[in-house]
Every structure is written in structure tokens, then in C-alpha cells.
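K.L.:
After the C-alpha cells below, expect a handful of questions from me.
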Amino acid sequence: MKYVLLIIPCVLSVWVPLYNSIEPTLAGIPFFFWFLLVLIPVSSIFMWAASRIGGDDA
Amino acid sequence: MIDHLNWTATVVFVFFFAIVTVIGFVAARWKSGNLDELHEWGLGGRRFGAWITWFLLGGDLYTAYTVIAVPAVVYAIGSYGFFAVPYTILIYPFVFLTMPRLWNVAREKGYITGADFIFGRYRNKGLELAVAFTGILATMPYIALQLVGMEKVIQALGFQGQGMMSHLPLTIAFVILALYTYRSGLRAPAMIAFVKDIMIYIFVIAAVVIIPAKLGGYGAVFDVAAKAYAGKANQGLTLSPAQIGPFITLAIGSAMALFMYPHSLTGVLSASGPKAIRRNAMTLPAYSLLLGLIALMGLMAHAAGIEVANPQDAIPQLLLKMFPDWFAGFCFAAIAIGALVPAAVMSIGAANTFTRNVWRPFVNPAISPLQESQLAKLMSLIVKVGALAVIILMPTKFALDLQLLGGVWMIQIFPAVIFGLYTRWYSGEALLAGWVVGFGLGSYLAWGATAWVPTSTILGYGAYNGVIAVIANIVVATALSFVFRTKVEGDIANADFLDARSTA
């Protein structure tokens, strides 16, 4: 489970066909850019979750 | 020489530079330890808690060159330059998993460098030397590029000069850096990193709020940028089909290479424990967000009507145009100080590696701890002088090309280091053979007809040379590990990789 949590943001970050588009824009920012920017804090949350369930030797 | 100097910006710039110079020298007394021991001078005594490590690693990994180069690529071709974002997303889950294991075994066995671990694991001096050689070779041009970042902002202040004089400010800055690194070791960049990182955050937050507001909002910025790329092949706000393969493999390969560099490992090993490292993996993405926002400045430069022949001038010119002089000076100081931290850590990492993994095993096995730290201090000076000479004597493009190759080379030690954290199945000889193949193939692929190229086409898809080469490396190392079954009994037990103690 810990490994699954860690791999999810990694897979999303390189799954280019998923986010290689202009629409939907957010406050004028194309999807390509805001998706990747939002994914950064999301990856932190996944690591935090992994550390919660992983124990000391996570 | 100084007729065109922007005085307001320059005074602010010099003021901040003077502050960090004082900090650099004072740092020797911080968390005081015996600086005649290598782990004190070169790793800060492994006493940096989660906060200090956060500032140090942030200042160390997100270099001045990055602040100039990433938006430069975005300015030049658009979304492709954004590969830096998936790259930095991939890094931290990897760090979270692997680096606490490396820290634990390093603390247990007294390792200072990655190559120390390699020898401890495989008992193979050839592989140890290959790992050390790769790290030092790749670090030299990287330090040189930090100087490029500094020189760009010094030029933007309006400093002009003929011949050798044109490099005078850079040389002065670097001599000061060399002196306090010699004296204070890793404590100097660790302390300066606080100043650097806070300045960079202020600069970027101001830039991403104020500049788009002046340009009519983000929508307008992207609209103008889209027009600038319109009709040009492989430029634009989304990736063209031909760019997707290189984009993905560059992100993956760069992420694999980053924590193989001596300066990254120095930052990790100076942490006070595995918990501090995991906490940093979770929180360092704050810097990645910063980098992503900096990358957007490449698009803002289009909207602001910045036209430069060299894309690396886009950001300095954007700042000069959009901000009052005093704040432009502040931003330039942030970028220049941003060059000092990684340059110092890189020279320390390379010096530690040379001392521990080249000099000690091959020249003087009986070296005393005092001689060890003295040699490392001296090497940190030599490495910096070498980098300065590269910048002054050779075309900048040379350092850029070498840096590109540096990443391709660094990935080739990934199998030995990372596989070694989990298994002793691989044999040292097989990993060394894999390294030779990967290093050779990666360099060969990068050799273009007119210039070095980062990617090659394989099976109809474009891919980063480093990734292609490391796959060949792993195949060879795995196949040969079936042949060379020399079972080496290193002194590392599985428990040595697990959390046991913390020095904090």
C-alpha cells in the first residue's frame, strides 16, 4: 500500500496524454500547466499518507 | 566598464552579497565541531535537523542555473521546458524510499560519500573509483554553470568589460566563496541557504503576483505566448507528438541522476537522521512549486515584449523591465547568492569524494583524519579554480554541453547505488561492466554531427540518452551477475539499512 501511494503521483506526472491539452483552463492558465503545478502539493500529500501508514521504516 | 551600471540595483546587490560573506565566515562556529575531521568539515557533523536540511537541500538542488535555464527553455519553446516539473515530482517519492536507507548505513559505517557505500557493499575498488570519477567529472561543469548564472545577473546590472576584466566581479565573488568554504566547510552554505531561500521565495512570489497583474492577468500572458509560438514546429503551450517521448524520459532520467550527484548525497548525509530526510521529501516539493512558477516567467517574458537573442537573458531582462531598480537588484542578489550555495556544496561533495575514494584507496591508505580534512579543504579550492578557469577560458557552450553529458554519466551509477541498497545479488564486476557500457553508449549517443544532443530516436520514439544508456547498463550488469558469482562478504547487515538511531 505504501508503494502504491508513492507511485500514484509519479505515474500521473509522466502520463502526458492525460494532461497535454489547453482546456480546461483555470484562471486563464492552460490545463497542461495548472495540472502539473497542482500535482506538486498533491504528491506531498501522498508521501505524508505513506509515512502515516508506513511506520518508522517507511 | 561601469558607465552603464544601474547604481540602485548594484548597491542593493552588493549589500546582500556582503551580508552572506560575513555569514559564510561566521558559520565556522555554528554547531561547533572539530573542523579537522572530514565528517565535521564535509558533512557538518551530521547534525542538521529537518529545518536546516530543508533550507540546505532546497538551496543546493534548486540552483541559480536552474532559475535562469528552466524559464529560458520555456521562453524559447514553451511547454517542453516544463519537463522540470514532472522531474521534480518524481524525485521525492524516490528520496522518501531510498535515502533514509542510505543515511542509516552511512551513519552506521561512517560513510561520507556514495562511493564509500559502494566499496563497503561490493568490496570492489574499480567500481568505487568509477563511481567517484563519475561524480567528480559531472560536478565540475555543474559548478561552472553556477558561474554562468551569476555572470548573467552581473551583466544585467550593467557591468561591461573587455577581455579578462569582464570576469572581474565574478572572480572576486568566487574567491570570497572559496575562502569561506575552505574555512567553514558545509556549515557555510547551510547557513547562507537560509538567506538565499527566503530571498528567492520573496522574489518569486512578488514576480508571479505583480508581473501578470501588470500584463493583464495570466489569461493575457498565455494568449500572447501562444501567438509567439504559433506556426513554429515543436513550440507551443502543449507538447507535439515528437516531444512526448523526450519529455517523459528527460523527466525520469533527470530524476534518476539528481541524487547520484555528490552534492545531493552530501546534503542528504548531513541530515541528523532518517526522519529528517522523510520529512524533507514531503516538504521539499514547496521548492518544486517555486520552480514551476519560475518556469512560467519564460511565458511572461513574451507577454512583456522581451526580445533577446540568448534565451538565458530573458529573465534578467524581464525583472529589469517590470520591477523598480531596487527590487531588480534584490532579485539579482537572490539569483547570485543562489549560485553560491550549490557551488559550495558541489565543491565540498567533490572534495570529499576525491579524498575518500581516490586519494585514500589509491595513494595513501594510511591517511590520518587530520590529513584527510586538510586534503579535502585543498581540493575544494582546486575544484573551484578549475570551474572558474572553464568559464573564463572556454566558451560557455562548452560548460553547457558538459553539464548535459554530466546527467547522462551520473545515471550510470544508479544501478550500483540503488540496487545495492536492497540486494547484494549484483556483483561488483558486473556492475562495473554495466557502467562501462552505459557510460560509453550514453556519450556516443550524445555525440551529434554539429552539437551534443540530449535525446536520440530509438524504435521510432525519441528518448533521453541517459535513460537509453542506463537500460543497457542494467541489462549488462544483470546478465553478467549470473556469470560472475564472486560472493563477497561485505560487513553490511540488512539491519544497517533500517532506522536505528539519530544523531539529533
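The values are calculated or read from the model by the stated rules, or taken from the named source; none is laboratory data. Quick caveat: nothing in here was measured; it's all calculated off a predicted structure. Because the Cβ atoms are built from the backbone with ideal geometry, glycine has one as well, and the counts that use them run over all protein chains shown. These area figures cover heavy atoms from the full protein model, side chains too; ligands, DNA and RNA do not enter into them. Shrake-Rupley method; radii C 1.70, N 1.55, O 1.52, S 1.80 Å.
K.L.:
Could you figure out which of (1) modelled with pLDDT under 90; (2) part of a helix (DSSP H, G or I); (3) more than 28 Å from the chain's Cα centre (by Cα) isn't true of B:Met164?
P.N.:
All conditions pass for B:Met164, except number (3).
K.L.:
With the checklist (1) modelled with pLDDT of 90 or more; (2) more than 14 Å from chain A (Cβ to nearest Cβ); (3) open to solvent by 60 Å² or more (accessible area, probe 1.4 Å) in hand, flag the one item B:Ala213 doesn't pass.
P.N.:
Going through the list (1) modelled with pLDDT of 90 or more; (2) more than 14 Å from chain A (Cβ to nearest Cβ); (3) open to solvent by 60 Å² or more (accessible area, probe 1.4 Å), B:Ala213 breaks only (2).
K.L.:
Could you grab me the full set of residues in region B:343-369 that are part of a helix (DSSP H, G or I) and open to solvent by 80 Å² or more (accessible area, probe 1.4 Å)?
P.N.:
We begin by selecting, within region B:343-369, every residue part of a helix (DSSP H, G or I); these are B:343-362, B:369.
Once the filter is applied, which keeps residues that are part of a helix (DSSP H, G or I) and open to solvent by 80 Å² or more (accessible area, probe 1.4 Å), region B:343-369 yields B:Trp359, B:Arg360, B:Phe362, B:Pro369.
K.L.:
Report the residue count in region B:265-292 for those that are over 15 Å from the mean Cα position of the chain (by Cα) and either within 19 Å of B:Phe497 (Cα to Cα) or open to solvent by 10 Å² or more (accessible area, probe 1.4 Å) (or both). Don't jump to the end; show me each part of the working.
P.N.:
Of all residues in region B:265-292, those over 15 Å from the mean Cα position of the chain (by Cα) come to B:269-283, B:285-286, B:289-290, B:292.
Next cut, either within 19 Å of B:Phe497 (Cα to Cα) or open to solvent by 10 Å² or more (accessible area, probe 1.4 Å) (or both) only: B:269-283, B:286, B:289-290.
The qualifying residues number 18.
K.L.:
For region B:212-249, name all the residues that are among the hydroxyl-bearing types (Ser, Thr, Tyr), within 29 Å of the chain's Cα centre (by Cα) and within 12 Å of B:Tyr80 (Cβ to Cβ). Let's see the steps before the verdict.
P.N.:
So in region B:212-249, the residues among the hydroxyl-bearing types (Ser, Thr, Tyr) come out as B:218, B:229, B:238, B:240, B:249.
Pick out the ones that are also within 29 Å of the chain's Cα centre (by Cα) and you get B:238, B:240, B:249.
Those that are among the hydroxyl-bearing types (Ser, Thr, Tyr), within 29 Å of the chain's Cα centre (by Cα) and within 12 Å of B:Tyr80 (Cβ to Cβ): B:Thr238, B:Ser240.
Listed here are the residues, each with its yes/no results for (1) out of contact with any Asp or Glu (no Cβ under 9 Å at 6 or more places or on another chain); (2) more than 26 Å from B:Gln243 (Cβ to Cβ); (3) part of a helix (DSSP H, G or I).
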position	(1), (2), (3)
A:Ile8	yes, no, yes
A:Leu12	yes, no, yes
A:Ile22	yes, no, no
A:Phe33	yes, no, yes
A:Leu36	yes, no, yes
A:Val42	yes, no, yes
A:Phe46	yes, yes, yes
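K.L.:
Are any residues in region B:1-14 touching a Phe, Trp or Tyr at 6+ places or on another chain (Cβ under 9 Å) and part of a helix (DSSP H, G or I), and if so, which ones?
P.N.:
Correct list: B:Thr8, B:Ala9, B:Thr10, B:Val11, B:Val12, B:Phe13.
K.L.:
Out of everything in region A:32-55 that is more than 8 Å from chain B (Cβ to nearest Cβ) and within 14 Å of the chain's Cα centre (by Cα), what residue ends up being most open to solvent (accessible area, probe 1.4 Å)?
P.N.:
Narrowing region A:32-55 to residues more than 8 Å from chain B (Cβ to nearest Cβ): A:34-35, A:38, A:42, A:45, A:49, A:52-55.
Now restrict to residues that are within 14 Å of the chain's Cα centre (by Cα): A:34-35, A:38, A:42, A:45, A:49.
Values: A:Trp34: 58, A:Phe35: 38, A:Val38: 67, A:Val42: 47, A:Ile45: 106, A:Ala49: 28 Å².
Checking each candidate, the answer is A:Ile45.
K.L.:
Still on this model: With respect to B:Thr238, determine if the residue is within 12 Å of chain A (Cβ to nearest Cβ), surrounded by fewer than 21 Cβ atoms within 10 Å (Cβ to Cβ), touching a residue at least 60 places away in the same chain (Cβ under 8 Å) and over 30 Å from B:Phe330 (Cα atoms).
P.N.:
Considered against the rule, which asks whether it is within 12 Å of chain A (Cβ to nearest Cβ), surrounded by fewer than 21 Cβ atoms within 10 Å (Cβ to Cβ), touching a residue at least 60 places away in the same chain (Cβ under 8 Å) and over 30 Å from B:Phe330 (Cα atoms), B:Thr238 comes out as yes.
K.L.:
What single numbered condition from (1) more than 20 Å from B:Gly292 (Cα to Cα); (2) in a helix (DSSP H, G or I) fails to hold for B:Val209?
P.N.:
Among (1) more than 20 Å from B:Gly292 (Cα to Cα); (2) in a helix (DSSP H, G or I), B:Val209 violates only (1).
K.L.:
A further question follows. Can you tell me which residue in region B:1-42 is modelled with the lowest pLDDT, limited to those that are open to solvent by less than 20 Å² (accessible area, probe 1.4 Å) and under 21 Å from B:Leu378 (Cα atoms)?
P.N.:
Result: B:Ala28.
K.L.:
Out of all the residues in region A:1-35, which are closer than 22 Å to B:Lys227 by Cβ and among the hydrophobic types (A, V, I, L, M, F, W, C)? Lay out the reasoning, then the answer.
P.N.:
The initial filter retains those residues of region A:1-35 that are closer than 22 Å to B:Lys227 by Cβ, namely A:20-34.
Result: A:Ile22, A:Leu26, A:Ala27, A:Ile29, A:Phe31, A:Phe32, A:Phe33, A:Trp34.
K.L.:
Take the residues of region B:370-387 that are crowded, with 20+ Cβ neighbours inside 10 Å and among the aliphatic types (A, V, I, L, M): which is farthest from B:Leu258 (Cα to Cα)?
P.N.:
Only one residue fits best here, namely B:Leu375.
K.L.:
Ok, one more. Considering only residues that are facing another protein chain (nearest Cβ under 7 Å) and of a type outside the set (Val, Ile, Thr), look in region A:15-31 and name the one that is surrounded by the fewest Cβ atoms within 10 Å (Cβ to Cβ).
P.N.:
Ranking the qualifying residues of region A:15-31, first place goes to A:Ala27.
K.L.:
May I ask you to say which residue of B:Ala334, B:Ala309, B:Ala304 is away from chain A (no Cβ under 14 Å), open to solvent by 20 Å² or more (accessible area, probe 1.4 Å) and small (Gly, Ala, Ser)? Please lay out each step first, then the result.
P.N.:
Values: B:Ala334 fails: open to solvent by 20 Å² or more (accessible area, probe 1.4 Å); B:Ala304 fails: open to solvent by 20 Å² or more (accessible area, probe 1.4 Å).
Only one candidate qualifies: B:Ala309.
K.L.:
Related question: Within the set of pairs 6+ apart or on separate chains, which have a first residue in region B:49-72 that is closer than 10 Å to B:Gln312 by Cα, a second that is open to solvent by 10 Å² or more (accessible area, probe 1.4 Å), and C-beta atoms under 6 Å apart?
P.N.:
B:Ile68/B:Lys152; B:Ile68/B:Gln312; B:Ala72/B:Pro311; B:Ala72/B:Gln312
K.L.:
Could I ask something else about it? Tell me whether region B:191-209 contains one or more residues that are over 20 Å from A:Thr25 (Cα atoms) and touching an Asp or Glu at 6+ places or on another chain (Cβ under 9 Å).
P.N.:
Here is the first cut: in region B:191-209, the ones over 20 Å from A:Thr25 (Cα atoms) are B:191-207.
Narrowing the set further to residues that are touching an Asp or Glu at 6+ places or on another chain (Cβ under 9 Å) leaves B:193.
Yes, because at least one residue in region B:191-209 is over 20 Å from A:Thr25 (Cα atoms) and touching an Asp or Glu at 6+ places or on another chain (Cβ under 9 Å).
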